[in-house]
1. Evaluate the Kirkwood expression for the hydrodynamic radius of the range 232-302, namely the inverse of the mean inverse distance over all pairs of different C-alpha atoms, and round to one decimal in Å.
2. Given the DSSP H assignment, sum -39500 (n - 2.57) over each helix run of at least 4 residues in the chain and divide by its residue total; what's the result at 222 nm in deg cm²/dmol, nearest 500?
3. Any idea what log10 I(q)/I(0) is at q = 0.19, 0.24 Å⁻¹ for the range 340-431, Debye with uniform C-alpha scatterers and no solvent?
4. How many percent of Cα pairs in the range 96-157 exceed 13 Å?
5. Say a site is exposed when it is one of the GluC sites (Glu not before Pro), sits in a DSSP loop, and has at most 11 other Cβ atoms within 10 Å; what is then the longest site-free stretch of the chain?
6. Report the residues of the range 69-92 in range of a label on residue 165: point 7 Å along Cα→C-beta, backbone N strictly under 13 Å from it.
7. Out of the range 148-237, which chymotrypsin sites (Phe, Trp or Tyr not before Pro) are coil in DSSP terms and have no more than 14 other C-beta atoms within 10 Å?
8. Could you work out the mean projected area of the convex hull around the alpha carbons of the range 112-197, in square nanometres to one decimal?
Amino acid sequence: MAGKTYALMKLREIINGLNQIDADYHTGSYSAMDMSGAIMLTSENIADNCIRAAEIQQNFSSMSAKLVQELTIRQRMTDSRYAEWYDSAVHTVKVGFLLMMADADTDKTCDQECISMLVDFCQGDSLTDVTAHYFAATLLGALEPRKCYDLIMEDFRKYPNLLDTLYNGCGYTYDPEQSRDSISLICPICGSNKSEPYYCADQAKFKNPSFAPAKLWMKCISCHNLYAYNFPIQARSVINGHYTNNSSHTLPMLHHPSVYSDMFNNIKLHNSGSRYLEIGVGCGEMLACALEMGYQAEAVEICREDCENVSRILGVNIKCADFLEYETSKKYDVIVMGDVLEHVSEPVRALEKAYDMLAPDGILWLSTPNYESAFTRMNGFNDPMWNQMNHFTYFSFNGLKPMLDKIGFDVRRYDISNRYSGSMELILQKR
């Protein structure tokens, strides 16, 4: 079996075969010859596609052969022998499906009919049943996101540590208290109560107990932006940041400093002032570049660990606070909000607050994922943005611009980010 490529679509033929065999058996409407042929064909497909150990394959094939032998001699099958074979076949297919889903080389191309068949087939109460059902449910993420979310949550309520068996103690256990979610029934961007399920992200695979096993993304029908239906109640200072190390005398660098050169030079074309505020410092690389470019830099950071480490190493005054709660009478020529908007609980209020803190003609440089970006259009739900557990909202440029207009920003420049695939970078000027 070495080097074999497995494909989920092969399971449709196998499950159809099992369903037909079981229906014919219980109605009694079968001939011994036809039933023997169906059992042998389905057994061969199961052995070839669902069993990877030679010994197990041999045992299952032997069981199938004995059933066919009995059928040939008696023209019928005893209930006990048939039930033993059928239960073994169903269990073997479910285990095979689990192995396929855990194998990165499996061809997981699957149409909606096949996925629905797998979801129905994998129902049951045993740990194997529920684990297989969870994996089948994850395939519904883009097709039926609400159903996907409900099924995943239901499966983890039955077996909170259902991934442990497959991954030899992966360490993820769903604890509703530890990963307690708030539920958004209205859009946190525009306040509308009209929305529809857009995508369900499987979060259990990332094994972070602070997050529920699934996150349901909703699309607001009014403002056309996206928001998380369920999101951790935990403080955002806990689930965001933590990019730096207390014991280190250096800061990690995610991007080469040169990528910020054009950014700052483009900002200077619209405002040459030097009073600079950065909202969310991350690992400090943008702040360090701002210092090199001559800005009088200050910053606000919600994660105390990053706040203290970046401030210590760069020698910059950084306030540890949630930007929405931060108060100052200062006015700034430039405010940078790089990859922050998608994290905050009230994104429009954050933009309004930044506007109020700008001096006349001040610049807000904004970077955030664009769910209608070229990268996302080309990659669909394989875009890594859907795997970001601590993101709460996503905008498109068309969904964001009316809000910027209403607040009082003019869009001076739109760039496709060369730092993060699928993100947009905007230079916004206060009217």
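Read-outs: derived from the displayed coordinates by stated rules, not from any lab. Worth saying up front: this structure is predicted, and the values here are computed from it rather than measured. Here the Cβ positions follow ideal geometry from the backbone for every residue, glycine too, while neighbour counts run over all protein chains shown.
1. 13.7
2. After summing the helix terms and dividing by the residues of the chain, the value is -13000 deg cm²/dmol.
3. -0.88, -1.28
4. Distances greater than 13 Å cover 59 percent of the Cα pairs.
5. Result for the longest clean stretch: 1-176.
6. 91-92
7. 167
8. 6.9
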